[in-house]
Structure formats: structure tokens, C-alpha cells
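The values are calculated or read from the model by the stated rules, or taken from the named source; none is laboratory data. The structure presented is a predicted model; accordingly, all values stated were derived computationally and were not measured. FYI the Cβ positions are ideal-geometry reconstructions off the backbone, even for glycines, and counts take in every protein chain you see. In case anyone asks, the SASA skips ligands and DNA or RNA and just uses the protein heavy atoms, side chains included. Shrake-Rupley method; radii C 1.70, N 1.55, O 1.52, S 1.80 Å.
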Amino acid sequence: MMLWFGVTALALMLSFGYWQLNQQRDFVFSATNERASAISHEMSVSVTSWALAGDLVGLQEVLLGFRAAQDLQHAFFIDNHGRVLASTHPEEIGLVVSDPLSLNLLASKVHEERVLANQENLIAVAHPVVAGERLVGWLRVEMSRDSANSNIAALTRVWLNFTVISVLLVIAISVVLSRRLTRGLNHLMAIAAQVAQGDRQARAQIRTHDEIGVLAAHLNEMLDTLEQQRHDLLATTVALRESREGFQRLLNTMAEGVYEVDTQGVCLFVNQAFLRMLGYQEASEVVGQRIHELIHHHRADGSDYPSSECKIYRAYVKGEELNVSDEVFWRKDGSALPVEYWSHPIVSKGEIVGAIATFVDITERKRAEDALRESESKMREIVENAPFGAHLYELMVDDRLVFVGANHAADSILGVSNQQFIGKTIEEAFPPLQDTDIPDAYRSVAATGKRYEVEQIAYSEGKIHSVFEVHAFQTGKNRMAAFFSDITERKGHEEQIRNLAFFDALTQLPNRRLLIDRLNQVMAVNKRSGLFAALMFLDLDNFKPLNDLHGHAVGDLLLIEVASRLKRCVREMDTIARFGGDEFVVMLSELDESEAESTQQARAIAEKIRSHLAESYVLAIKREGSADTTVVHHCTASIGVIVFQSNGVAQDELLKRADDTMYEAKELGRNLVHFYGEGAVSNRIDALAEPISGAKSDE
């Protein structure tokens, strides 16, 4: 930095000095030229009368009188014939000039002053001596530029001295500034090095108000935020680990194979059914591997299957949900396993982060389909003993689709004798299908051979009691079969997986992930509608004593009751989430276009929640082998509220502000509703609140 300052200053000074010297030189040379012209003119006027009188002595005296003029080197007068009549050098008198400049001067018809030489160290001027219109002769004057050059040299020395002093001064200032700056920067670098080595308590000790002090303050704020985020992340990690363990236990109970991949196709998880069907002993043999190269590298005919063409990957490349039933997976021993698989994209915060695939072994179904194509009679024999249901249809010339048979599994799955439907049209045999597109789809299958797959839902008294997966294909000209199996249990597992991912297992309220997703939706809606929304962060004030005295099972009962009371206090369109432990979040959407009115609405609901949560809790405890008991507990809540609109504030910042506001409510006495940005607690109810007396039992 010092070198840069010095070089810059030197360049600026040199440039300015060089320009200034040129200006001074041009000015001094111009002044010298004017002075030479003036002297020559004055001398020509002075010698005119003497020259006309022919008085050479007087003429010589005039020239000698100018000899003392500054920088005058030579002056002489010549007549029209070139003879020197007078000169400051007397030895030249009487000589005839023969130099080219003088000869050109005598031959010239123009009688006016002219510059004969304009050199670095000399200026020569000739001036005509005229009487009336008659040229008497020429007066030549030669002057040196010694005075001018001496002045320029003095200016150059002054400029050089000034430049050197200025550069030294700039360097000195830069040294002082750089030392001051680097002292603070070195301290910040040392703090950064301590943090990098794991010292989470290291903080900058600079308290100045300059840029370094501001930077140090921001660094400390950043380190404090990172430390808080580390604590939050640790708590979140524990919760996620517990949720994932429950998720894995559920997946391991499924009959379908399940695996998860990231956006690079690397396997992140497999369940036990995956290992069993594909011949692996441990998940470690698969997790961390590129799943396509491991189990999906070739097609059923043995040809190469490039990963760029893999249909499963389209789930996270294009965000598509796929169902494929004509491919194979490859077992560990190299044998092919015909499968039907489903691939679903995994979306987090609006971005696709991977895919999850489920698959089933369709070896038996494939064998049945192949057998059906080879021989209808053999098909009937195989289908009759198949574990899945089969309905057979024939398309008549009048476009009626007639039921012609079924296997025993169809009777078992549907709980009816399908023999009673033989000879009837599909609409007559199964009236609920009349209002669906299934009859027309079946006709298309029988006529064109195009396959058709659908999930068919069976209702009873307005509720779903079964879900069937149906595969329809042509078995001959104008004939078709519909294979179906009951996937109600699998659908139930999928719903359980979704609940584990987005809902709290204890209270069945949305969890943190679903809350953040809905918060994003509310912010997007507010941006379009201009309405305000509100976030309430709740923390129970007297929860820990209940856990300590009666155990976590009783604490869970209290949390379930809190969730129930919260639901009774808000609208269906609002969201209640369990954030963790005894913390809950309530989000009120679509309040009002006015912030003041929205704040009033949020205050009313918050007070309603606070009042309901402050009522006594009567918790019934059932213990195996002993009589049921009841625990009465008094518990209040501290509530922090922030009213917001889509104004560019990130969702994490909104949650943090609501959380901070809740802690302010605790510090101000608990059992309070406190709004973000309020100077004083609003609606304080100390006089109305019951004293917190801890848990008591009427056992």
C-alpha cells in the first residue's frame, strides 16, 4: 500500500511539474522573443536619423549605448550594400556581410521585421531602418537565452525538491494509516484463526467507532449468531434423528422395497425388503453407491441401460412422478428381478433434493402375463391360481364390454362370487364404474391392445375402505384381462410416512418442516393480496415441574391437551405447529389490509389462547396393574406475536423475531401476550392470572 501511494504521488507530481515547466519555458521563451523584438525596434528608431545624416560616429555611439542590455550578444547595422556601418563589436565596422541570412535579407523586397534564428540558446532578429518609404539599411540583433534558461533551471530544482518532499510526506502518512489499519486487521485475523481452531468463545476486543471497529462489531454479531444457530441446529438434528429412526422402522415393516437417492443418483437409504429381494445382507453394501450402476445397469433384454436414460432419475431431474412396470432390477448374484416401481421427487424449500423409489416383485405377474399371451387356456389355468385378482372381458360388435370370467383370488379380494356377473356388461356388473372412465378405457384396451393402469378406490358409506391397483391389457382380439390387487395397506404405509415427515407424532400437529412450508405459502399469498398475517410463538411457563414430578408420560398428556385447546381457539385456515418440546407456533393468515386492524385481531386471538391455556389441566393417568389416577396441573403460556406482510424478511428471521418476543414476555412476568416492537407489555393480566402453584395430585 505504501509503495502504491508513493508511486502514485510521484507520478502525479512529475506529471504536474513537467506540464508546469513546459508552460514556464514557453512563457519565458515568448518573453525573450518579445524583448528581442522590442530592443531591435527601439535601436532601429534610434539609428535612423544618424544613418540619414551619414554620421557613423553617432551611429556607433547609439549601438554601444545598448550593449549593456541584458542577454544582448551582438548588434550591428548594415547598409543596402551589406557593409557594416556600426556594431557592438567595433572590429566588424567596414566589413561586408556574406552569410546566406544577410544576403537573403538584402535581396528581400519585403521591408518588415523578421526572426532570423529561434534556437534553444539564441534569438536573432532583423529590423529594417526606413526613412519615409526608403530603406536605409538593416539592424540585426542577436540575444542569448541565458537568463531564461537559468530561470527554468531554478524552477526545475524547486519542482524536484517539492516533488521529493511531497512523496516522502505521502509515504509517511500511508505508513501511519497502514499501521493503524493493519493493527486492527491483524487482531481480527487472529480472532478468525482462533475460531477456525475451534474456540467458539473468541471475540474481537476493538471498541473504536471507525471502519475497523464497525467490522469488529459485525464480526462479533456474526459469531454470536453462528453459535446460536449451532445450538438450534444441534436441537434440530436430535429431533430429525429421532424422526428418521421412526421413519426407518416404519419403512422396514413394508413389504415393498424402498430406497432414496440424492440428485447425483447416490443411494442414501434402503429398507429391509430391498435387501431381501435383491440379495444383500447389509445396507452398507448399497448406501453410498450409485444405485443405477448397482441394480439398474441393463434392460430386461440384456442391453446397456445408460444412467442418462434412467426413468427413475426423471423424478429429481424433471420433478416427475413415474410408474414403470416393464423393467428389471439386478440382484447381487447377477440375476434379473422383474419389478414395478414408483419414483417420487423429494422437495425441500421449493427445490428438488432427490427422489424416493418403491418397487415390488412382479415375477409372478409377469409369468401370468406371458402365459396369457401364449395361450388363453393356459392363461386361465395360471390366472386361476394367481395371488392377485383377474377379471376377463370380451368386446362385442355393438361395443358392449361383457364380463366373461374371473379367478378365485378375485372372489377372495372383493368378497363376492364373480360368477354371477358372467354375461353382463361391465356397467351392469359393476354399477359404481358407470360414472368413471374405466369402461371406455377397458374398451380401448380390448380394441387396440394399449395397456391401461389405474388406482381404483372402493367406497363404503362415503368412506374409502379399499384401494386397488389395476393393470389392464389385451389377451387376444377384442379380449382383455384386468389384474388387480389390494394396495390399501401400502397406501396406509405411505400416509404414515407422510405423517412422520410433516406431523408431530405426539400431538398430530404440523411439525417444523410443514410449518415452514405453509409460512412460505402465506408469504406468497400476502404478496399478491396485500393482507397481513401473524406468527405467535408460545412456550409453557410451568411445564418442567410436571415432567419432573410425574414423568414424561404425564407431560405428553398435557401437551396433547394444549394442542386440543389451541385448535379450539383458531380458524381452520390457520396453522398450529409443535416446534419442539413445550414450544408451539400459531400462524394466522389473511387477517386484514390494515396493520393496525390485523394487530387488533391477532391480539384478540392471542388473549383467547392465553386464557384457555391458563385454565387448570385435569390429566387422567392409566397405569397397568394399578388404579387410574388424576393429576391437576396449573400451567400458563408466554406468547410472542409478530404481525407481518410479504416485505422481504426471510422466514427464519420472522421465526427468530417471534421467538425473541416470546422470551421478552417471559422476562416481563410470564403468562403474557407481547408483540414484536412494543415498548411495554400489552394486556398484562397479573391480577387475573392464578398463581402458579406447581402440580398437585388427587391420587
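For the range 1-103, averaging the sequence separation of C-alpha pairs within contact (under 8 Å, six or more residues apart) and dividing by the residue count gives a relative contact order of 14 percent. Computed from backbone phi with θ = phi - 60° and the Karplus coefficients 6.51, -1.76 and 1.60, the 3J(HN,Hα) list for the range 298-310 is 10, 7, 4, 7, x, 6, 4, 10, x, 4, 5, 9, 5 Hz; x is used for glycine and proline. Think of the range 543-621 as having a plus end and a minus end, set by charges on the Cβ of Lys, Arg, Asp and Glu; of ALA606, SER564, HIS550, HIS550 sits farthest toward the positive end of this dipole.
Shown here for the range 116-208: GluC sites (Glu not before Pro) in loop regions (DSSP other than H, G, I, E, B) with at most 12 other Cβ atoms within 10 Å, namely GLU120, GLU133. Placing +1 on the Cβ of every Lys and Arg and -1 on the Cβ of every Asp and Glu, with nothing else charged, gives the chain a dipole about its Cα centre of roughly 1200 debye. Close amide-amide hydrogen proximity is noted between GLN289 and CYS267, each under 5 Å apart and 5 or more residues distant or on a separate chain (H modeled in the peptide plane; Pro and chain starts excluded). Protein heavy-atom surface of the range 317-444, 1.4 angstrom probe: 49% of the accessible area is carbon and sulfur, with nucleic acids and ligands not counted. For the chain, the per residue solvent-accessible surface stands at 54 Å², with DNA, RNA and ligands left out and a 1.4 Å probe. The alpha carbon centroids of the range 398-419 and the range 498-571 are separated by 49 Å.
Working from label points 7 Å from Cα in the Cα-to-Cβ sense, the GLN508 to ASN385 distance is 4.6 nm. A simple rule links phi to the HN-Hα coupling: the Karplus curve 6.51 cos²θ - 1.76 cosθ + 1.60 with θ = phi - 60°, which for the range 351-366 gives 10, 6, 10, x, 8, 10, 10, 10, 8, 10, 6, 10, 4, 5, 5, 4 Hz, with x for Gly and Pro.
Ignoring aspartates and glutamates fewer than eight residues from LYS311 along the same chain, the ones with Cα atoms less than 16 angstrom from its Cα are GLU260, ASP262, GLU293, GLU320, GLU321, ASP326, GLU327, GLU340. Normalised by the number of residues in the chain, the mean separation of alpha-carbon contacts (under 8 Å, six or more apart) gives a relative contact order of 6 percent. Couplings for the range 263-274, taken from phi via the Karplus curve 6.51 cos²θ - 1.76 cosθ + 1.60 with θ = phi - 60°, read 6, 9, x, 8, 6, 10, 7, 9, 9, 5, 4, 4 Hz in order; Gly and Pro are left as x.
In a DSSP loop and with at most 14 other Cβ atoms within 10 Å, the trypsin sites (Lys or Arg not before Pro) in the range 306-367 are LYS318, ARG331, LYS332, LYS349. Set against the 2.2 N^0.38 Å expectation for a compact globular protein, the chain has a Cα radius of gyration ratio of 1.96. Sparse packing (at most 14 other Cβ atoms within 10 Å of the Cβ) combined with a DSSP loop state is found for the following GluC sites (Glu not before Pro) in the range 542-610: GLU572, GLU593.
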